[in-house]
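As structure tokens, the structure follows; a few thoughts come after it.
The values are calculated or read from the model by the stated rules, or taken from the named source; none is laboratory data. All values reported here derive from a predicted model rather than from experimental measurement. In this analysis, Cβ positions are derived from the backbone assuming ideal geometry, glycine residues included, and neighbour counts consider all displayed protein chains.
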């Protein structure tokens, strides 16, 4: 059963409509885009698109093209979980940047690509909370749990050393395409 996804806007951050022909070509080639801030809306949209493509044909691979500065780690984990439980393989392509939460998504692909002029970045967790001390303490525990889960994703999917992971926990780790390849962030340069 073939369904048209012409009503979906594949990754257009300016809210302008892509032409139906472009959408059809991207759909036929199973290309999805993550280009906005990762939040509940953008994550839900991407999750729906992945599930729809998986229902359409779970034997064909999906290519997720990423150019995002990141956002919510919880919403990124929802995307990663979906990538892992749908039957088709999801390959990630960094085309521009995959920063913060988008970086965790990028390393979770079946095959991971990076274009030659792209960057990958990770940093320590942040919490934005001005509240009662008990709630701040609860938020801190939750943040530590997110940090543990995000470090596990990096340890399981990359060759990042303890020193590099420490750099992430104390600042920002920026990697260009060659560095990302050497540290197992990507498997191949996208050409």
Quiz item: Does segment 134-145 contain any residue that is under 17 Å from the mean Cα position of the chain (by Cα) and surrounded by 14 or more Cβ atoms within 10 Å (Cβ to Cβ)?
Solution: no
Quiz item: Looking at this structure, is residue 114 under 21 Å from residue 39 (Cβ atoms), in contact (Cβ under 8 Å) with a residue 12 or more places away in the chain and touching a strand residue (DSSP E or B) at 6+ places or on another chain (Cβ under 7 Å)?
Solution: no
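Give 17, 49 a once-over and let me know the one that is at pLDDT below 95 and either over 16 Å from residue 81 (Cα atoms) or out of contact with any helix residue (DSSP H, G or I) (no Cβ under 7 Å at 6 or more places or on another chain) (or both).
Going through 17, 49 in turn, the sole match is 17.
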Quiz item: Within the bounds of segment 66-73, is there any residue that is farther than 20 Å from residue 39 by Cα, in contact with a helix residue (DSSP H, G or I) (Cβ under 9 Å, 6 or more places away or on another chain), in a loop (DSSP other than H, G, I, E, B) and at pLDDT 95 or above?
Solution: no
Quiz item: Which members of segment 26-40 meet the condition of being surrounded by fewer than 16 Cβ atoms within 10 Å (Cβ to Cβ) and either in contact with a helix residue (DSSP H, G or I) (Cβ under 8 Å, 6 or more places away or on another chain) or closer than 20 Å to residue 146 by Cα (or both)?
Solution: 39, 40
Quiz item: Of (1) farther than 26 Å from residue 24 by Cβ; (2) surrounded by fewer than 19 Cβ atoms within 10 Å (Cβ to Cβ); (3) touching a strand residue (DSSP E or B) at 6+ places or on another chain (Cβ under 8 Å), residue 78 satisfies all except one. Which?
Solution: (3)
Exercise. Among the residues of segment 114-128, write down those that are over 17 Å from residue 150 (Cα atoms), at pLDDT 95 or above and surrounded by fewer than 24 Cβ atoms within 10 Å (Cβ to Cβ).
Key: 115, 116, 117, 118, 119
Exercise. Return only the number of the condition from (1) in contact with a strand residue (DSSP E or B) (Cβ under 9 Å, 6 or more places away or on another chain); (2) under 24 Å from residue 62 (Cβ atoms); (3) in contact (Cβ under 8 Å) with a residue 40 or more places away in the chain; (4) surrounded by 12 or more Cβ atoms within 10 Å (Cβ to Cβ) that residue 191 does not satisfy.
Key: (4)
Quiz item: Consider residue 10 against the criteria (1) modelled with pLDDT under 95; (2) in a helix (DSSP H, G or I); (3) in contact with a strand residue (DSSP E or B) (Cβ under 9 Å, 6 or more places away or on another chain): it satisfies all of them except one. Which criterion is unmet?
Solution: (2)
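With the requirement that a residue be touching a helix residue (DSSP H, G or I) at 6+ places or on another chain (Cβ under 7 Å) and crowded, with 21+ Cβ neighbours inside 10 Å, what does segment 84-101 give you? Break it down stepwise before answering.
Step one: filter segment 84-101 for residues touching a helix residue (DSSP H, G or I) at 6+ places or on another chain (Cβ under 7 Å), giving 86-88, 90, 92, 94, 98, 101.
The answer is 90, 92, 94, 98, 101.
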